[in-house]
Structure formats: structure tokens, C-alpha cells
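Single-structure report; data block below.
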Amino acid sequence: MTQQQTGGDVRLTGISKTYGSFEAVKPLDLTVPQGSFFALLGASGCGKTTTLRMIAGLEEATTGTVSLGGQDITGLPPYKRPVNTVFQSYALFPHLDISENVAFGLRRRGIKSVKKQVAEMLELVQLGDFAKRKPHQLSGGQQQRVAVARALINHPQVLLLDEPLGALDLKLRRQMQLELKRIQTEVGITFIHVTHDQEEAMTMADTVAVMNGGRVEQLGAPADLYENPRTTFVANFLGTSNLIEGEVVSAGTDIVVAAGGGKLRLPTDRCTAPTVNGGKLLLGVRPEKISLAHADDADAIADGRNRVTGRIVDSSFIGVSTQYVVESPAGEALQVYEQNIERDARLTPGAEVVLHWNPAHTFGLDAAQDIDAGVETVEDAA
Ligand SMILES: Nc1ncnc2c1ncn2[C@@H]1O[C@H](COP(=O)(O)OP(=O)(O)OP(=O)(O)O)[C@@H](O)[C@H]1O
Ligand SMILES: [Mg+2]
């Protein structure tokens, strides 16, 4: 079922929310293109739900406007907005069967002949055979799909999803991510999905807005955010980054930085910070971009690669890869992920090694930031 929507982009202009003196959402501007799968990603308390509730009209904005397809809807009550929300606790009506749960929105609007639309919706979420069951006779993932069908049957222009997969176990969560993505592609409705799970956001969304402390830190396609983080928060929150502190030695097409007793290079156009000779810079490189050589083989490393010498302090075999932690003058705990193709048996804890990578895979960040911003601590990892 493909539907042509006549709506348009969701546009937030200077929208903010203050509770007493606390700014839960700082004035933010955001455009969500019509028909896109958009994710709001961030740690607990950063303002994701508040932002979503302001779009739904469930929360009054302190400043700013919400518009949809060019029409200002800031003053409209929730039920007058062409927007539906699916919450984490999807609260189906326990006494109604699945088809009546899905029909609910139509019945409320006084529509009598609901059969065809309900059947289409159940088909869309692949629950055609479950129409007569009660919610408690379904698995968590199936109930979640009922909640999506119940919202979509109202033909909203925008579907808001607030951590809708939070109650599911990891495997089901992964399945539902693909399932929701399929449904969104099929109906072509704008989905705004809130999650604190970076992998979930990257898997599902066309565009991800990374939120931190009530503001959007960076917005972009998943691969772009991953390869070109502009802040330490984004570099650390989205996957893992090695951040190495250094001092600028020279800047031309490449920037040369002194770090950990050696010199490292990065392309100037991959550096978002101002560079002055003698100034500080943070160099970033992702763990999978780094190769590991035993110190005895250092001579075989091609010229022109960035090199850091160190010692393996930890290694974990993950199956597809082995993850090493290397102690070096450039960083106490540099992370290296090596694919398990031909494993070098000498690469065990205690081994002296050389980390090397293509300078083009290095990004540069402003050193005035907290180097550990966005690093997930054990307590956060729920
Ligand atoms: N009604 C309220 N009164 C006061 N403070 C509030 C209220 N609602 C939310 N907040 C605060 O606003 C901030 C943002 O809350 P919000 O629910 O938007 O976070 P979130 O990003 O959705 O977090 P989570 O991932 O935990 O759901 C939090 O610090 C929260 O404590
Ligand atoms: Mg929330």
C-alpha cells in the first residue's frame, strides 16, 4: 500500500521548553523532510520526549513554533494535528481484540465500515491471522505492531515514535527495527523516532539528530555522522572513537600534529577546529580504521601512514573481530578492531605493537572540549 501524502515538512523554529528555571529543550531549529525516517538520538534526560511532545501538541512550547507543510500548528490541540504517537508502553485495550484495537481511531470518528481498512492495516504489519486474538495472546513485538497499525489507520502525516521498542529484548528489537523501516518505506509517512540507542538510530533513520543537554549537537545521515563527527560528544556517543591530543606543527593541505612523541597527519578539510601553529587539537580515528602490526614487522608498514607505537594491554575475541586495547604515549587505552581473517598469534597482551592507519581516516576536533563527552559509562549502559 503506497500512499501519496499531500502534507509537507515538519519545521521547528526556535522551539524551546522551560520547566521553572530548567531549560529542558533549548531553542532549536529543525526541519524534518516529508516522507523521511528521522531519529532523535540522545542520552536519558536530553529532551527527546519533550521535543516529541511539543510536535504532538501534548506539551506547550515555551518559545517558538511548529509547522507542518508550511502551516503553523503551534496553537492547535493534539487531536487537531495530523500527527499520531506510539509510546513505549503501547497500552492496547485489553478487552478488545486486535482488529477492534486497530479500528479504534476510525470508530471514534464515527466511521462504521472499518473492515477493509483494518484488514489492510493488519496486512501491512503482518498480523492478518491474529485479528481475533486479544492483546495478551500476542508477543511483545506483535503487540508493538498492533500499536503501529492503530496509529497508522488514522492516516497521520507524521508518526511519532517514543522509544517504541524499549520493552523488547535485543533480538526482537533488531527484528522490529527492520520491520518498522519496511513499514515506513511502504506507507511513505514521515516517522520521527526517539531513541537513546545509537545503533537503532543508525539502522533505521535517513537522518539522525544527535541531542545533548537540550540541544541538537549534530544532524546528518548516519554514515556522515559516524565518519565526520564535529564534537567529542558525537564522536564518543555514536560508536567508539580514539581521541588523541596533539599540538599543531604545520598546516597546509595536511595538518601535521605532534602527539605522543611522534607526528600524525590529517587532511585539513577533515578538521572542524581552527588551527594555529602550536595550538592544541584532538585527532580522532575509529577503531576499525586502525591496523595492528607487531613491533618486529614495523619496517613493512607502508610510508605515509600515521603510526603510533604501544603495547597491547587487553584483547577480546568477538568472533567477526578481535578488539584490542593498546597503551601508548598517544593515549592510555586506544581501541583497535581487527577483522578475524589471518590472526597474528603474537598479538596478545604484553606485545609491543605499531598502530597504523591512513591519515585520510583521521578527523580533527577542537581541543577545548571535554575529551570524554558522550562516553558511555557502565552505569548508563542499561
Ligand atoms: N514536567 C516536567 N517538569 C520538570 N522537568 C521535566 C518535566 N518533564 C521533563 N522534565 C525534565 O526535562 C528534561 C528532558 O526530559 P525528556 O523527558 O524530554 O528527556 P528524554 O530525552 O526523553 O529522556 P529519556 O531517554 O530518559 O526518556 C529532563 O531533565 C526531565 O527531568
Ligand atoms: Mg523520553
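As a rough footprinting exposure proxy, the listed residues M54, M121 were ranked by other beta carbons within 10 Å of their own, and the order from fewest upward is M54, M121. Residues whose amide H comes within less than 5 Å of that of I255, counting only those at least five positions distant or on another chain, are L266, T268 (H built at 1.01 Å from N in the peptide plane). Relative to the globular-protein estimate of 2.2 N^0.38 Å, the Cα radius of gyration of the range 297-349 stands at 1.18. Between the beta carbons of A119 and S67, assuming R0 = 35 Å, the FRET efficiency works out to 0.50 to the nearest 0.05. Just to confirm my numbers, what's the Cα centroid distance between the range 145-215 and the range 117-141 in Å? Taking the Cα centre of the range 117-141 as reference, the centre of the range 145-215 is 18 Å away.
Entry note: the range 50-204 has Rg to Rh equal to 0.96, where both radii use alpha-carbon atoms and Rh is the Kirkwood radius. Averaging the sequence gap over all C-alpha pairs within less than 8 Å and six or more residues apart, then dividing by the number of residues, gives the chain a relative contact order of 16 percent.
If a spin label sat at a point 7 angstrom from the Cα of S44 along the line to its beta carbon, the backbone N atoms of the range 183-197 nearer than 17 Å would be those of 195-197.
Taking the number of Cβ atoms within 10 Å of each Cβ as an exposure proxy, the fewest-first ranking of F233, F93 is F93, F233.
Taking only the C-alpha atoms of the range 10-96, the Rg (one decimal) and the largest Cα-Cα distance, Dmax (whole number), read 13.8, 44 Å.
Counted over the range 3-227, the DSSP beta bridges are approximately 50% antiparallel. Karplus-based coupling profile of the range 296-306, in residue order and whole Hz: 5, 9, 4, 5, 7, 6, 4, 5, x, 8, 6, with θ = phi - 60° in 6.51 cos²θ - 1.76 cosθ + 1.60 and x standing for Gly or Pro. The C-alpha atoms of the chain occupy a region whose extents along the principal axes are 78, 46, 37 Å, arranged from largest to smallest. Beta bridges per DSSP, both residues in the chain: antiparallel share near 75 percent. For the cross-link pairs K112/K132; K112/K134; K80/K112; K48/K116; K80/K134, the ones whose C-alpha atoms lie over 25 Å apart are K48/K116; K80/K134.
In order along the range 39-56, phi translates into HN-Hα couplings of 10, 9, 10, x, 6, 4, x, 7, x, 5, 4, 4, 4, 4, 5, 6, 5, 6 Hz, rounded to whole numbers, per the Karplus curve 6.51 cos²θ - 1.76 cosθ + 1.60 with θ = phi - 60° and x for Gly and Pro. Amide H contacts of A273 (H built 1.01 Å from N, in plane; Pro and chain starts excluded): D366 sit under 5 Å, all sequence-distant by 5 or more or on other chains.
Determine which lysines satisfy two conditions relative to K289: a Cα distance under 22 Å, and not lying fewer than 8 residues away in the same chain. By straight Cα distance, K289 reaches K263. May I ask for the longest run of the chain untouched by GluC sites (Glu not before Pro) that are loop-located per DSSP and have at most 16 neighbouring C-beta atoms (other than their own) within 10 Å? Longest site-free region, per DSSP loop and neighbour criteria: 61-341.
Say each of E352 and E227 gets a label point 7 Å from the Cα, pointing the same way as Cα to Cβ; how far apart are those two points in nm? Those two pseudo-labels are separated by 3.7 nm. Once you divide the Cα radius of gyration of the range 240-369 by 2.2 N^0.38 Å, the number left is 1.04. Taking other Cβ atoms within 10 Å as a rough exposure proxy, I290, I98 sort from fewest to most as I290, I98. For the range 355-369, backbone phi angles converted through the Karplus equation (6.51, -1.76, 1.60; θ = phi - 60°) give residue-by-residue couplings of 8, 9, 7, 5, x, 5, 8, 9, 10, x, 10, 4, 6, 6, 8 Hz, Gly and Pro being listed as x. Here the calculated FRET efficiency for Y79 and I318, from their Cβ-Cβ distance with R0 = 56 Å, stands at 0.70, rounded to the nearest 0.05.
Each reported figure results from applying straightforward, stated rules to the coordinates on display, with no laboratory input. Here the structure is a predicted model, which means the values were calculated and not measured. With ideal geometry, Cβ positions are generated from the backbone for all residues, glycine too; neighbour counts draw on all protein chains shown.
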